[in-house]
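**Student:** Could you have a look at this structure, given as structure tokens, before my questions?
What follows is calculated from the coordinates using simple rules that are stated; it is not laboratory data. Model, not experiment: these values are computed from the prediction. Note that each Cβ is placed from the backbone with ideal geometry, even for glycine, and that neighbours are counted across all protein chains shown.
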Amino acid sequence: MLRQRIITALLLAPLALAAILWVPHQFTTGVLALLVLAGAWEWAAFTRLSTRPLRAFYVIAVAAVIGVLWFIGTDQRRLDAVLDAALLWWLLALLWVVFFPARKSQSVTAVAGFLVLVPAWLALVRLHERAPQLVLFLLLLVVAADVGAYFAGRRYGRHKLAPQVSPGKTWEGVYGGLAAAAVMTTIGVFWFGVSALPFFTLCMVAVLASIVGDLTESLFKRHAGLKDSGSVLPGHGGVLDRVDSVTAAAPVFLISLERLGIFS
């Protein structure tokens, strides 16, 4: 499994670099939209929309919302409201994971898909508009946290993080992920030439958010009786299995970046 994951990652890495760094912003915006729509197709399964027409309808609805946001792209106030709604959702998701992991709601799950996917698209697009390197850094930060958590959890994992949601995750994995992310953040300080303390703060908050994103997707998969969100990525599962952490980290990273004024 690990070998398959590595091979898939190595094959996807050049494509990701090209989409982030070497093509026009409009093209990257479209690629991100396609990824979100692929995620919407998988999310529809969490809501138990089992037939293809119903899942397609869900994807079309997400696409329509993205289209509206693209159309009002100059209205900063409304776009900020979307990101603020995402922050509120992730706080509620954390409470759900911690206190009510057994509670299920098909309608809430359907709405949650919009709150997870659409703001993530918006945040990544705005980050890319600011500087493509910010998107690349965010992805490397999340990957570093995931890799650190994976190996620390396998080697030292003893204390379960959320056994009713994702039994394989441990607190030791969290610490390993934060340590690996701290190394990546140190690189980022020199990469962007920014003040260390505020940048460390926003990166650690983004990584913590990424953990909530990972756990939230695990919660919905468990409710739907699914092991993976899909099978399109060998060794990784579905698109959501690969980007679940980013969906939470991206809005938090962008909002923190803008409100701390680090790059202003």
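**Student:** GNM on the chain, C-alpha springs below 10 Å: top fluctuator among Pro251, Pro101, Pro167?
**Tutor:** Highest fluctuation of the listed residues: Pro167.
**Student:** Sticking with this one: So if we plug the beta-carbon distance of Leu91 and Arg130 into 1/(1 + (r/R0)^6) with R0 = 22 Å, what FRET efficiency do we get, rounded to 0.05? Don't skip to the end; give the middle numbers.
**Tutor:** On the way: r = 25 Å, r/R0 = 1.13.
Calculated value: 0.35.
**Student:** Give the range of the longest stretch in the chain that excludes all trypsin sites (Lys or Arg not before Pro) found in loop regions by DSSP and having at most 16 other beta-carbon atoms within 10 Å.
**Tutor:** Here the longest segment lacking exposed loop sites spans 159-226.
**Student:** Report, ordered by chain and residue number, the lysines lying within cross-link reach of Lys227, taken as a straight Cα distance under 16 Å and ignoring same-chain residues fewer than 8 apart.
**Tutor:** Straight-line reach from Lys227, under 16 Å: Lys169.
**Student:** Is the shape of the range 113-264 rounded, prolate or oblate, going by the alpha carbon gyration tensor and its root eigenvalues a ≥ b ≥ c, with a/c under 1.5 for rounded and a/b larger than b/c for prolate?
**Tutor:** oblate
**Student:** So what are the ³J(HN,Hα) numbers for the range 173-187, from phi and the Karplus equation (6.51, -1.76, 1.60; θ = phi - 60°), rounded to whole Hz, Gly and Pro as x?
**Tutor:** In residue order, the calculated couplings are x, 4, 5, x, x, 5, 5, 5, 5, 5, 5, 5, 5, 4, 4 Hz.
**Student:** Here is a further query. Under the Karplus relation 6.51 cos²θ - 1.76 cosθ + 1.60, θ = phi - 60°, what is the ordered set of whole-Hz ³J(HN,Hα) values for the range 136-143, x standing for Gly and Pro?
**Tutor:** Once θ is set to phi - 60°, the couplings for the range 136-143 become 4, 4, 4, 5, 5, 4, 5, 4 Hz.
**Student:** Additional query: Over the alpha-carbon set of the chain, work out the extent along each principal axis and list the three values in angstrom, largest first.
**Tutor:** 49, 49, 36
**Student:** Turning to a different aspect of this structure: Share of Cα-Cα pairs in the range 69-181 beyond 25 Å, in percent? The partial results should precede the final answer.
**Tutor:** On the way: 2518 of 6328 pairs.
Pairs farther apart than 25 Å: 40 percent.
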